[in-house]
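Beneath this line is the structure, given in structure tokens, with notes to follow.
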Amino acid sequence: MLRTTTTPHSAALFLISTALLAGCSSAPEAPPVVESGPYPATPRVGVVDEYHGTVVADPYRWLEDPDSAETRAWIEAQNEVTRAHLEEIDGRAAIAEQVAALWTYERFGTPSKHGDWYYFSYDDGTLNQPQIVRSRALGEPHEVVLDPNTFSEDGTVSLGGMSYSHDGRYLAYGTSDGGSDWRLWRIRDLKTGEDLPDLIDWARFSSPSWAADDSGFYYGRYPETDERLTAPALNQAVYFHTLGQNQSEDALIHEDPEHPERGFSAFTSRDGRWLMMWVREGTARKNRLWFKDLAAGPRSPWNKRFDDFDAQYVPLGNVGSIVWLRTDLDAPMGRVVTVDASIPKAPLIEIVPEADAVLSAASYVGDRLFLTYLEDALTRVRTVDPSGNALGDVELPGVGTASGFGGEIGDEETFFGFSAYTSPTSTYRFDVATGAVTLVQRPRVPFDSDAYETEQIFFSSKDGTRVPMFLTYRKGLERDGSHPTLLYGYGGFNISMRPGFSPANAAWLDMGGVYAVACLRGGGEYGREWHQAGTKERKQNVFDDFIAAAEHLVDTGVTRPERLGIFGGSNGGLLVGACVNQRPDLYGAAIPAVGVMDMLRYHRFTIGAAWASDYGRSDDPEMFPYLYAYSPYHNATPGTSYPAIMVTTADHDDRVVPAHSFKYASAMQFAQAGDEPVLIRIDTRAGHGAGKSRQQSIEEVADRWAFFAHHLGLEVAAP
């Protein structure tokens, strides 16, 4: 049961006592507004909620309205305080120059072939947004076919997805305004270079899937709303858009108003025979998968062969009615099976059995299956024929992360990218007939990769679980506890932490820092059980793993608490907030970015309800105690000495709404009893993180490293 009470008050917002913050059973009399020390005055209002008999204060509820005059004034005042602090840090200008220099290198995306052209993304190192370019042959000069830098003057409208028609004539492309999850889709005629008049609005969490004859595409959209930023993502429906017609005329393919939180994706098989419907509920890696035989007509019944949300089913390709699938049904580490889509209860035929390593991706290209495995979070790629007979491993250029291997049955080639913490992504071509791997492109970065090394270490968590961690540092590191170290983590939604290059992290290494990444439970590094061990009532395992990682770095002499910084974004922001609350003595500085900080109300905004598969919900009496016990906003304890904290968010993040960070920062400023600052950096014209302009990215990273360098004792040379 949830009951909300708001203490009556005048137009002026007001404070309530710390007793209410601790969860007393009734709202006390509200004292007048008082100043809040070095921070802008943040009024505390008398809002309390009752959850299953427990009364919980929510004194900063008013900050949930991002566009109110009070909130806008608060944002401006907080940014002024944060900007003043950052500008006083010696060396910030030098850091910004170093970050900009490392950002300026030529980047090529992984190619894909459509029609007679190879298409890929390209950035010469100076662009706000990468361009989409093409060439007749790899290595030849390319031409620009889509330039997102023309979408807006300030570079904050970005490319938000693409889908090529099968014949290569058209490109459906989405735009994201200010980092929003909402997409506005257009269609470019790649022959003329002009856009068609078609516009598709109200789409998010969906990419167009072209019909086999390229007459149009399937897509998912939501009902129109006046509250794009905060409205819950409910009642997605699938439509078919025919080229040349108005969106209002699009045909409704599927909706399910009885289950408003479900999402859908429809796509056709390459041969045009099968329409497949992917049904999701939440973010759990479990989905339904239906088949419709279009040869029998568009009104033919669905074969709802997989209709129980009992596992993940990912189609890889088909020959006739036989469909190859990657699934974890009866195989927590994953396997490949086939099923006859024409038979309602057709049995599964195992093609590739479960292995000791997790099968993280698979594709059917040419005459073989490409199977990407994670072995202790490192990539290995096997190939087999359609019957599962081994054809050999893909020769990778080192120890790191490989991704790509896209294409269709019958293709003669496929491409993949490979990267590591000290090596930017290089692109490779795989010849399907011979198995030969050739280098297509290797970027040149002003970073001496040979000066650094990455090692993988393992440590024991609180309950004895063996957890991996990657540690990258300048060669010759002495374990004397002196090194400013950044520990990064995520730990959720089955997402694996794998080696990869970042110019931002390269700058931190060049500055003299150590970079550590912990592969926590809740991720996907070891399959379904590893993920589930960090969800719902087991979420505390994630925090225990991260705390143990920090303790290991201290115990082994890499660093010491005052020189250890922690950082994470989104679910990783939640991780950082919870760990700061639970072990404030273990870190010198922390940056929780765009974090999920109010675990009792997260499901009320945008796509938040989908996260319940990992978190549980406060309206569930079994889940509420766990959520309340670690919710960063609700566990800021007045009188505690916390490390230096800089919360980061964007004022119009429509995935994790900024109210999470606003409320958490306010609570931590109120609670801080130590001398270290609690700041919040609030981006404008930005969202959850994707699509930022080059300058926005450089400024954000410069501020991050300046904050860590200052508070962890890392000396930075003057420019």
Cα-Cα pairs in segment 552-696 separated by more than 24 Å, as a whole percent of all pairs, come to 32
By the mean-Cβ-within-10 Å protection proxy, highest first, 331-339, 636-644 rank as 331-339, 636-644
Given all pairs of distinct Cα atoms, segment 454-500 yields a Kirkwood Rh in Å of 12.9
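Given the DSSP H assignment, sum -39500 (n - 2.57) over each helix run of at least 4 residues in the chain and divide by its residue total; what's the result at 222 nm in deg cm²/dmol, nearest 500? Display every interim value, and only then the final one.
Details: 11 runs with 119 residues, N = 719.
Calculated at 222 nm, the ellipticity per residue is -5000 deg cm²/dmol.
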Expressed to two decimals, segment 397-445 has a Cα Rg over Rh, using the Kirkwood radius, of 1.00
Checked against the positive end of the charge dipole of the chain (+1 on Cβ of Lys and Arg, -1 on Cβ of Asp and Glu, about the Cα centre), the farthest of 320, 550, 396 is 320
In terms of the alpha carbon gyration tensor, root eigenvalues a ≥ b ≥ c, rounded if a/c is under 1.5 and otherwise prolate when a/b exceeds b/c or oblate, segment 110-253 is oblate
Note on segment 324-464: the mean projected area of its alpha-carbon convex hull, in nm², is 11.5
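Note down the Stokes-Einstein diffusion coefficient of segment 441-528 in µm²/s, whole number, using a Kirkwood radius over alpha carbon pairs, 25 °C, and 0.890 mPa s.
Approximately 170 µm²/s, per Stokes-Einstein.
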For segment 227-286, the Kirkwood Rh over every pair of distinct alpha carbons, in Å, works out to 13.5
Listed by chain and number, the residues whose amide H is under 5 Å from that of residue 262, excluding neighbours fewer than 5 places away on the same chain and using placed H, are 235
Along principal axes, largest first, the alpha-carbon spread of segment 316-375 in whole Å comes out as 36, 28, 12
Over segment 388-493, the quotient of the Cα radius of gyration and 2.2 N^0.38 Å is 1.42
Carbon/sulfur accessible area of segment 459-538, % of total, 1.4 Å probe, equals 43
Using a 1.4 Å probe on heavy atoms of the protein chains only, the accessible area for residue 529 in Å², nearest 10, reads 130
For the chain, dividing by residue count, accessible area per residue (probe 1.4 Å) in Å² works out to 39
Mean Cβ-within-10 Å packing, highest first, puts peptides 362-369, 618-625, 259-266, 653-660 in the order 653-660, 362-369, 259-266, 618-625
From the Cα centre of segment 66-86 to that of segment 451-527, the distance in Å is 33
On the accessible surface of segment 182-305, probed at 1.4 Å with all protein chains in place, carbon and sulfur together account for a percent value of 47
The answer for the net charge of residues other than residue 368 whose Cβ lies under 11 angstrom from its Cβ, with Lys and Arg +1 and Asp and Glu -1, is -2
In whole Hz, the Karplus estimates of ³J(HN,Hα) for segment 471-485 (6.51, -1.76, 1.60; θ = phi - 60°; x where Gly or Pro) are 10, 10, 7, 5, 4, x, 4, 8, 8, 10, x, 9, 8, x, 10
Across 20 Å bins beginning at 0, the whole-percent shares of Cα-Cα pair distances in the chain come to 16, 51, 30, 3
Simple spin-label estimate for residue 270/residue 296, 7 Å along Cα→Cβ, in nm, reads 2.5
Violations at 24 Å Cα threshold for listed pairs 113/191; 475/539; 462/539; 286/462 -> 475/539; 286/462
Descending packing, highest mean Cβ count within 10 Å first, for 495-503, 221-229 is 495-503, 221-229
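The values are calculated or read from the model by the stated rules, or taken from the named source; none is laboratory data. Fair warning: this is a prediction, and the values are worked out from it, not measured in the lab. All Cβ positions, even for glycine, are placed from backbone atoms using ideal geometry, and neighbour counts span all protein chains on display. In case anyone asks, the SASA skips ligands and DNA or RNA and just uses the protein heavy atoms, side chains included. Shrake-Rupley method; radii C 1.70, N 1.55, O 1.52, S 1.80 Å.
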